1. Could you give the nm distance between label points at Asp138 and Asp259, where each point is 7 Å from its Cα heading toward the beta carbon?
2. Where a Cα-Cα gap under 27 Å defines reach, which lysines qualify for Lys236, not counting those fewer than 8 residues away within the same chain?
3. Relative to the compact globular guide of 2.2 N^0.38 Å, what is the alpha carbon radius of gyration of the stretch 1-130, as a ratio?
4. With each pseudo-label sitting 7 Å past Cα toward Cβ, what's the Leu386-Trp234 distance in nm, one decimal?
5. Enumerate the residues in the stretch 129-172 having an amide nitrogen under 16 Å from the point lying 7 Å beyond the Cα of Glu114 toward its Cβ.
6. For the stretch 275-310, list residues with backbone N below 16 Å from a point placed 7 Å from the Cα of Asp354 toward its Cβ?
7. For Arg36 and Glu437, FRET efficiency with R0 = 25 Å and r from the beta-carbon atoms, rounded to 0.05?
8. To the nearest 10 square angstrom, how much accessible area does Leu253 have with a 1.4 angstrom probe?
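The values are calculated or read from the model by the stated rules, or taken from the named source; none is laboratory data. This one's a predicted model, so the numbers in the text were calculated from it and none came from an experiment. Because the Cβ atoms are built from the backbone with ideal geometry, glycine has one as well, and the counts that use them run over all protein chains shown. Protein only, heavy atoms only, side chains kept; ligands, DNA and RNA dropped before computing areas. Shrake-Rupley method; radii C 1.70, N 1.55, O 1.52, S 1.80 Å.
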Amino acid sequence: MITDLWYKNAVIYCLSVGTFMDANGDGIGDFAGLERRLDYLQGLGVTAVWLMPFQPSPKRDGGYDISDYYGVDPAYGSLGDFVAFTHAAKQRGLRVLIDLVVNHTSDRHPWFQEARKDPDSPYRDWYVWSKEKPATADEGMVFPGVQKTTWTWDAQAKAYYFHRFFDFQPDLNTANPAVMAEILKIMGFWIQLGVSGFRMDAVPFVIAQKGAGLKGEPREQFDMLRDFREFLQWRKGDAIILAEANILPKQDLDYFGDDADRMHMMFNFQVNQATFYALAAHDARPLAKAIARTKPRPLSCQWGTFLRNHDELDLGRLTDKQRALVFEKFGPEKGMQLYDRGIRRRLAPMLDGDPRRIRLAYALMFALPGTPVLRYGDEIGMGDDLALKERDCARTPMQWTSEAHGGFTVSDRPVMPVIDHGPYGFRHINVAQQRHEQDSLLSWMQSVIRMRKEAPEIGWGEVTALETGRNAVLALRYDWRNNAVLCVHNLDPGPIEVSVETGVPEPEGHLLVDLLTGQRSEADAHGRHCLCLEGYGYHWFRVGGLDAPLRRAPA
Ligand code: NOJ
């Protein structure tokens, strides 16, 4: 029923333990602090929490360089604290997803240390080596500018090793069965400790063929995805994998698998980028196209929809013209951009802190086909600190109160500086203040999340973009089990009136009731609804009235 396949209609909140809440006063967020904030998260209405890597790590890439897969970094607490946290989350009905970073390890990981030291070590073949510098060494960098090569000489090993990301992140040789077995063991370990699944990092690189002698483009080994899934399902029937796979549109379906036997979920990067273009250009058409292109996913699979995450906003899939416009509108200064293809800002400053635009952007995100993934701090409109390097600018600590360091820590040395100046400083933007204001972004976010939960059609249903006659208006109808929801968004700053035919037969199609305000719209004699949208306005309607789902039998 509706609650089976929980991920089809979850509301996921992602956070990094180290910058969320510090309980022991050492300046670093920890599991004990996170546990104390679970009631806040439950009150916000989210149903799952995705934690960025928290395992022991030199943290040269925000923890995406792990040196022990079976532990908790002591800065965040102990394994015991982790289990106490997953238990407390479960008691509140919250699921926990964790990052699974197995394309590469840290170069400090004992496996790599062994591998480089001894050519006869069994760990040697856990990584990817070459005696000669491969001809492709200056190709395929993920961080162009800060990363110069994908093959680095290791004096101790007397060989080059392959690293898709930074040189301190040697790639694991996933084609080695022992490595695959270890990855499954890691998954099994955390599943046993209470997690409901994984956000799998860099999936296309995990499954790509790796090695110096490859001819042409490395092929993906999709069977690996099936192996991951199968193992997971054997261990825990309802656990899932949410794949980070920023790939070409024509490959998306390969990651779900024709028989829905690979990844359960994938982030929808296409729709993400088209959304930012739509917001910048006040033009919904390319977004409607991206939605149509990504529509044919297997029913039991799901898109993860998002606006911002902990990385830069990647605009690599847009045309040059589209990308130029998004840069111009949302990240015009060099210091706001990263790797020539992305913007490193948080959402609120990109939208000039304009509450109407921020609310429209989120209403739109929650109305997109898939399961919404919200980034910590965005529910209160946190800003960024462009003085911090690279992606750190949008990874500052959560702003809880107007007390010192935003109530994140009592220490005078927070792990990252809390934003303390300008309009996004913690004295202006914090949870404590917004929870008492009815009209705050936080209160609004709570009601939108509730509204999203009341519209399971969005997670499950068939989406259709309706003709509105206006490029700035996106009207999406979702049909599921004989019920329909219609979400209409105006991307233009000015008010717009549109005439819409729901496409649902009488009598239901002739009555629309606004899910937020309860306002009704009755169709005219031609079966059309005349809808007035304010500038950046939006309305979500239940077709046929609020109790329509109770009256109608499932299809
Ligand atoms: C993707 C992660 O989102 C990013 O933060 C990280 O730097 C790379 N993968 C490497 O793990």
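1. Modelled inter-label distance: 4.6 nm.
2. Excluding near neighbours in sequence, the set is Lys8, Lys90, Lys185, Lys453.
3. In units of the 2.2 N^0.38 Å rule of thumb, it is 1.25.
4. About 5.2 nm, to one decimal.
5. Backbone N within reach: 172.
6. Within reach of a label on Asp354, which here means backbone N under 16 Å from a point 7 Å along Cα→Cβ, the stretch 275-310 contributes 276-284.
7. Rounded to the nearest 0.05, the efficiency is 0.65.
8. The accessible area comes out at roughly 70 Å².
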